[in-house]
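To keep things clear, I will list the structure first and then write my remarks on it.
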Amino acid sequence: MWQRKGGNVHAFLLDDPAGLTLFDTLFDTDAHRVLAEIEAMGRQVTDLRHIVISHAHRSHIGGLATLKRLSGAAVLSHAWEADVIAGDRESQRVPIRPQRPVLAYAPVYYLQFGAAVGFGKHPPCLVDESIREGTKIGSIEVVHTPGHTPGHVSFWWPERGVLLAGDAIATYPLFSPGWPAFNLNLHQARDSLHKMIDIGPSFVGVGHGDPLTEDATEKLRVMVKEAEAKGLLGRGPG
Ligand SMILES: [Zn+2]
Ligand SMILES: [Zn+2]
């Protein structure tokens, strides 16, 4: 599922014998796109058992409170993100200066502006369980991939070679190691990217833009190498 508002933001729904698991919740607070997708699968919202959040940025948690209320699903996130999701702490501000190249990132500047001035908050929602490196959610394993935010996590489905990389990787508006202005710690981001290359996924879903469906690991390796050469992932040892 995806939504243009929120920067071509994507969310993923996994149908597992244990029930439906949703990864992130898109931008809209009424969650209508997610609800329509559940219906299109011939399922009901109460079949949703787990809602797992990659990190507490606005585009990914818009529909969370509504979906929890309608489904009764358990909400899971890394502990560092949980109090932001609950509305008890503001997410760390990002710079207001436009990201480069300016024209490419112009369509998502409203999101950067919101994150820079603390405007446009999500409906708060309590997190039920915290997740960390190695936590298993059905057949999915949590991989801690900090850098974009401290509690940013990705999700690895070994049986299918699928990695959901959240905002550690973006393919919109450019294929990049996340949106530059939003990455809080570049050294951590770089380590997390190498961790994902080492995992060796064949399919990579990302928070913004279309997934990498072919030669995903090789594409990722090339992109990270170029980003490092351009100094986009910081200098010096990681
Ligand atoms: Zn983000
Ligand atoms: Zn995002």
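Below, the figures for the structure above:
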{"item": "Set K136/K219; K195/K225; K5/K225; K5/K121 screened for pairs whose C-alpha atoms are more than 20 Å apart", "result": "K136/K219; K5/K225"}
{"item": "Per-residue [θ]222 nm for the chain (sum of -39500 (n - 2.57) over DSSP H runs n ≥ 4, rounded to 500)", "result": "-8000 deg cm²/dmol"}
{"item": "Under the Karplus curve 6.51 cos²θ - 1.76 cosθ + 1.60, θ = phi - 60°, whole-Hz ³J(HN,Hα) for the range 186-194, x wherever Gly or Pro sits", "result": "5, 5, 5, 4, 5, 4, 5, 5, 5"}
{"item": "Karplus-derived HN-Hα couplings along the range 206-220 (A = 6.51, B = -1.76, C = 1.60, θ = phi - 60°), whole Hz, x at Gly and Pro", "result": "10, x, 10, x, 6, x, 8, 9, 9, 6, 4, 5, 5, 4, 5"}
{"item": "Charge context of A116, other residues only, Cβ under 15 angstrom, K/R +1, D/E -1", "result": "+3"}
{"item": "Reachable aspartates and glutamates, given that their alpha-carbon falls under 17 Å from the alpha-carbon of K230 and they are not under 8 places away in the same chain", "result": "D191"}
{"item": "Magnitude of the charge dipole, the range 56-166, Cβ model with Lys/Arg +1 and Asp/Glu -1, debye to 20", "result": "420"}
{"item": "Net charge of Cβ neighbours under 15 Å - reference L220; Lys, Arg +1; Asp, Glu -1", "result": "-4"}
{"item": "GluC sites (Glu not before Pro), loop per DSSP, at most 15 other Cβ atoms within 10 Å - longest free stretch of the chain", "result": "1-89"}
{"item": "Summed residue charge, Cβ within 15 Å of D83's Cβ, Lys/Arg positive, Asp/Glu negative", "result": "-3"}
{"item": "Positive-end residue, the range 87-144 charge dipole about Cα centroid, Cβ charges, pick of H122, Y105, Q92", "result": "Y105"}
{"item": "The chain - share of DSSP beta bridges that are antiparallel (%, nearest 5)", "result": "60"}
{"item": "Sorted peptide list for 22-29, 119-126, criterion being average Cβ within 10 angstrom, highest first", "result": "22-29, 119-126"}
{"item": "For the range 69-79, 3J(HN,Hα) per residue [Karplus equation, 6.51 cos²θ - 1.76 cosθ + 1.60, θ = phi - 60°, Hz, x = Gly/Pro]", "result": "4, 6, 9, x, 5, 7, 9, 10, 7, 5, 4"}
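Bear in mind these aren't lab numbers, they're just calculated from the coordinates by the rules spelled out. Worth saying up front: this structure is predicted, and the values here are computed from it rather than measured. Quick reminder, even Gly has a Cβ in these numbers, built from the backbone with ideal geometry, and neighbours come from all protein chains shown.
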